[in-house]
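Notes follow once the structure below has been shown.
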Amino acid sequence: MASLASPISCHNYQQPLIVHRITSIPNTINHRPVYSPKTSLSFSKQSQQVLEDHLSVTNNSTHQPSLLQHINKLCESGSLKEAFGFLQADSDNAISGSVQRKEALGVLLQACGHQKDIEVGRKVHGLVSASTQFSNDFVLNTRIITMYSMCGSPWDSRFVFDGLQRKNLFLWNALLSGYTRNELFTEAITLFFELIAVTEFNPDNFTLPCVIKACTGLFDVRLGEGIHGTAVKMGLISDVFVGNALIAMYGKCGCIEDAVKVFDYMPEKNLVSWNSMICVFSENGFSEESYDLFKGLLNGEEDLTPDVASMVTVIPVCTAEGEVKMGMLLHGLAVKLGLIRELMVNNALIDMYSKCGYLSGSLILFGKNDNKNVVTWNSMIGGYSREGDACGTFDLLRKMQMEEKVKVNEVTILNVLPACLEEFQLLNLKELHGYSLRHGFHHDELVANAFVASYAKVGSMNYAEHVFNGINTKTVSSWNALIGGYAQNGYPGKALDLYLLMADSGLDPDTFSIGSLLLACAHLKLLRQGKEIHGFMLRNSLQMDAFIGISLLSLYIHCEKMLSAKLLFDGMAEKTLVSWNLMVSGFSQNGLPGDAVDIFRQMLSHGTQPYEIAITGVLGTFSQLSALRLGKEVHCFALKAHLTEDSFVSCSLIDMYAKSGCIEQSQIVFDRLKEKDAASWNVIIAGYGIHGHGHKAIELFELMQRSGQTPDAFTFIGILTACSHAGLVTEGLKYLREMQSLYGIQPKLEHYACVVDMLGRAGQLNEALKFVHEMPDEPDAGVWSSLLSSCRSYGILDIGEKVADKLLELDPDKAENYVSLSNLYAGLGKWDDVRSVRRRMKEIGLQKDAGSSWIELGGKVYRFLVGDNLLSEWKQIREMWRSLEETIGKIGYKPDTGSVLHELEEEQKIEILRSHSEKLAISFGLLKTTKGATLRVWKNLRICVDCHNAAKLISLAVEREIVVRDNKRFHHFKKGFCSCGDYW
């Protein structure tokens, strides 16, 4: 920066600095003895020859090159040793004048600083020190101090400074600049206080920018404000260099308004002023303001033209915001201004295109660049890596290794690693790891941690732990990489153990540690430990960023604490799309579909645009809630947002329509898919299965195979379920055999459960029981529950009691299991056993779920409980059923009192049948809908025989289709028949 160059000309000071004098200086600078340079008496033969040539022509021609010209020429060619030898010989022979020799010494000192050649610099220092004429020269000593600081040795600068008998402001400024250049910000501030405390010098427009930069490095905005006040008092606030430094300082400290004020009140702005202000907006996330200011630069009265710094400041704004169109405009401007060949601009554009997903644009620029450096290669490699193109990434890395001028560095490795995400890429990862070991990159903390994380991502936790153990000094980031790896690979217990080891090592967790721990607690459903971590955050005032918020939400959702999740969500200052999605799916997964719909509506009202995940989650909720109208509205939204081409969304739509009783609409969505993957075939087959259309499901299964799609384990669950509901036992057993013999799929418990259910529904209970005993997997409660239900349907007591014993042994706390056994006894008239079972339920505090049904009308869901007489429309519903009962009685309806499993009189049983929830829902639907409209009713329990018979006759009497979904399947009642064929 121009303002940091050591000034040569003197300043005219206008007024004294008004500050409090400091009587004592804090001794924060550690002085150390350094090598005292001595003049070298030897120089090369080449220098000797040059000197002799110079001597031979000195007196003969006045047009020969002077000493200064020779030194300049040698310095420009990088021959600093030769320059020193020539200068030393000239000094020894007193050939040139003192003025010219002084200038030559200054030029050589500057060259040593620029080329960081401290060895020659020390020799020049010795030459100056040995000269009685120059040893106390202000200009040369200023150059010496600057040279040492530029060579990274500020303590040598201090040693020279302290050894001077007389000092001027330039010397103070040079040392101050050296401290700042070497990031010794505290020492710079201390030196500034020493300057104003023990000297009469007034800080000038070079001093203050250096001090302000030190404040920036320390992020000490209060001290910076104090220096700002000093600049105002001294009349230096109008200086452009002071103003630029203040803008940078306020920007780095996040004081955007203060930076804007300084910029706005600057009487004179140069290009650095504009670039600094654009940088402030850019680094603090104000992209629009960055663009506006850049436009102001182009259209400003100063008639300034953007330079390389301008372009490399504003282009990354486009990168961060994904504004590729704006980036293209800047690309065009760079071409117009002739800056496109500048390497930094070219690299910035390559990075912008690759990070915005326009890898082709990056490739074009990369191909045209004949002066690639390591940044160029790293940007391009990073682009391939982000795209997940492992082959392209490693191919480019190999090409980079063939370049002579460019060497792979740590950043290269860090850019390649994200391409290694899948298990099959373990070999590539090992290859890269070996390369890093051979070149010593593994000593870098970031590289080592990245390898731990990468091995975890490909599922190789043994290698991840091996790399971790090889890290000498383990930081929190090192532990985080391993803890996060175990948590994400399904080893939450191991993740928690590692956290305890980290705590024992004396390291405190950061937000990433906490996020990983919460993830582990969520997987293990460790609510108490998760709450303790939450409490730790609150006690230590740890900021809840988006990652931590999502992790906490996941914890409470996994632990079925939706109230806690909702309170946490409501308290979030910024609700991200992920958090909205999580709440929708959380309510849905925890059996609260109504709340899921409410939160989805809030999401839309909040102005958050739902994407594929949210749409998928809410469609699953509508399937539970039977909110067909809302499902159709979301379908329309997905169509308008062009989301229906997404596989997850399309499958969710097929599933939603199927579970809402509209299997025909499911078929339409399926038929319109451009590409049908295995998931879409699975969903449509399962849909026909739960609707009892077993033959249609088999037809689709055969068509799936002919289309080239290979069935998977989920496909066979769908087809076996379809066979079960349709009574296709022979076909079902055939498919069970084929999944093993033809497709090599080992049946799991879910498949065996479908077969047990299929055999039980068909009345083949002995075969079902034999199948259970021969299963390779241990049957769970679901298998025994299905078998007990079949025993109840067929009244098989001996098998039913054996099955019940197994069921209650596995799952003794579920009311449904006792109810099934009680119903078995009640169906056989064994009332003493019924009372015994119910007494046992009462003793352990279990209560039977009340039968309930619901119906959606006009986008609103109406719920009915058995015997519910509290509804406002109760009288109209009662009258409607009486009318229906009379009508269907004329065409064959007779109440089936066997469906009432209580020891009551026949009239009492008939009255109970009249109050069944599905009858109430159907009556209400007929009251509230127009003639011909299809009624869709959902029931939480299996539909009883009486309601099934009544629904068939009602569909005939009112000439309507009635769709009832119970807890097992769909029943389509139409013209006096049911789609199940009375097989359910």
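Here, each number is a calculation from the coordinates, and none is a lab measurement. Just so it is clear, the model here is predicted, and its values are computed rather than measured. Backbone-built Cβ (ideal geometry, glycine too); neighbour counts: all protein chains shown.
Numerical summary
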quantity: Among beta bridges that DSSP assigns inside the chain, antiparallel share in %, nearest 5; calculated: 80 percent
quantity: Candidate aspartates and glutamates - alpha carbon under 15 Å from LYS748, same-chain residues fewer than 8 apart omitted; calculated: ASP712, GLU738, ASP757, GLU774, ASP777, GLU778, ASP780
quantity: Pairwise FRET efficiency - ASP162 versus LYS73, Cβ, R0 = 35 Å, nearest 0.05; calculated: 0.50
quantity: Cα centroid separation, the range 167-219 to the range 895-924 (Å); calculated: 95 Å
quantity: ARG792, ARG398, ARG838 arranged by Cβ crowding within 10 Å, fewest neighbours leading; calculated: ARG398, ARG838, ARG792
quantity: Options (i) 37.4, 124; (ii) 32.1, 110; (iii) 41.4, 143 - which one matches Rg and Dmax of the Cα atoms in Å as calculated here; calculated: (iii)
quantity: Protection proxy ranking of 564-574, 412-422 - average other beta-carbon atoms within 10 Å, highest first; calculated: 412-422, 564-574
quantity: Zero-based 5 Å bins, Cα pair distances in the range 490-573, whole percents; calculated: 3, 16, 27, 28, 17, 7, 3, 0
quantity: In Å, descending, principal axis extents of the Cα set of the range 196-268; calculated: 35, 28, 16
quantity: Violating pairs (Cα-Cα greater than 20 angstrom) within the set LYS372/LYS430; LYS325/LYS355; LYS939/LYS974; LYS632/LYS975; calculated: LYS372/LYS430; LYS632/LYS975
quantity: Helical contribution to [θ] at 222 nm, DSSP H n ≥ 4, -39,500 (n - 2.57), averaged over the chain, rounded to 500; calculated: -20500 deg cm²/dmol
quantity: Mean Cα-pair separation over length for the chain, i.e. relative contact order, pairs under 8 Å, 6 or more apart, %; calculated: 4 percent
quantity: Cα pair count fraction exceeding 21 Å, expressed as % - the range 141-280; calculated: 40 percent
quantity: Long-range lysine pairs (8 or more apart or interchain), the range 463-568, Cα under 16 Å; calculated: 4
quantity: Diffusion coefficient, µm² s⁻¹, Stokes-Einstein with Kirkwood Rh over alpha-carbon pairs of the range 742-850 at 4 °C and 1.567 mPa s; calculated: 90 µm²/s
quantity: For VAL375, VAL128, order by how many other beta-carbon atoms lie within 10 Å, fewest first; calculated: VAL375, VAL128
quantity: Inter-part distance where the range 259-335 and the range 67-138 are each reduced to a Cα centre, Å; calculated: 42 Å
quantity: Within straight-line cross-link reach of LYS368, aspartates and glutamates at Cα separation under 18 Å, skipping those fewer than 8 residues along the same chain; calculated: GLU342, ASP351, GLU403
quantity: Whichever lysines have a C-alpha closer than 25 Å to that of LYS830, once near sequence neighbours (fewer than 8 apart) are set aside; calculated: LYS802, LYS806, LYS814, LYS842, LYS848, LYS894, LYS909
quantity: P(r) tail fraction, the range 270-365 - alpha-carbon pairs more than 17 Å apart, %; calculated: 45 percent
quantity: Fewest-first ranking of HIS902, HIS916, using other Cβ atoms within 10 Å as the exposure measure; calculated: HIS902, HIS916
quantity: q = 0.14, 0.17 Å⁻¹, the range 852-978: log10 I(q)/I(0) [Debye, one scatterer per Cα]; calculated: -0.55, -0.83
quantity: Gain on full stretching of the segment that runs from ARG835 to ARG398 - 0.36 nm per residue minus C-alpha separation; calculated: 149.4 nm
quantity: Approximate shape of the range 575-675 as ellipsoid semi-axes (Cα gyration tensor, √5λ), whole Å, largest first; calculated: 21, 15, 10
quantity: Hull-based mean projected area of the range 440-490, where the convex hull spans the alpha carbons, in square nanometres; calculated: 3.0 nm²
quantity: Estimated FRET transfer efficiency (GLU645, ASN270; beta-carbon r; R0 41 Å; 0.05); calculated: 0.20
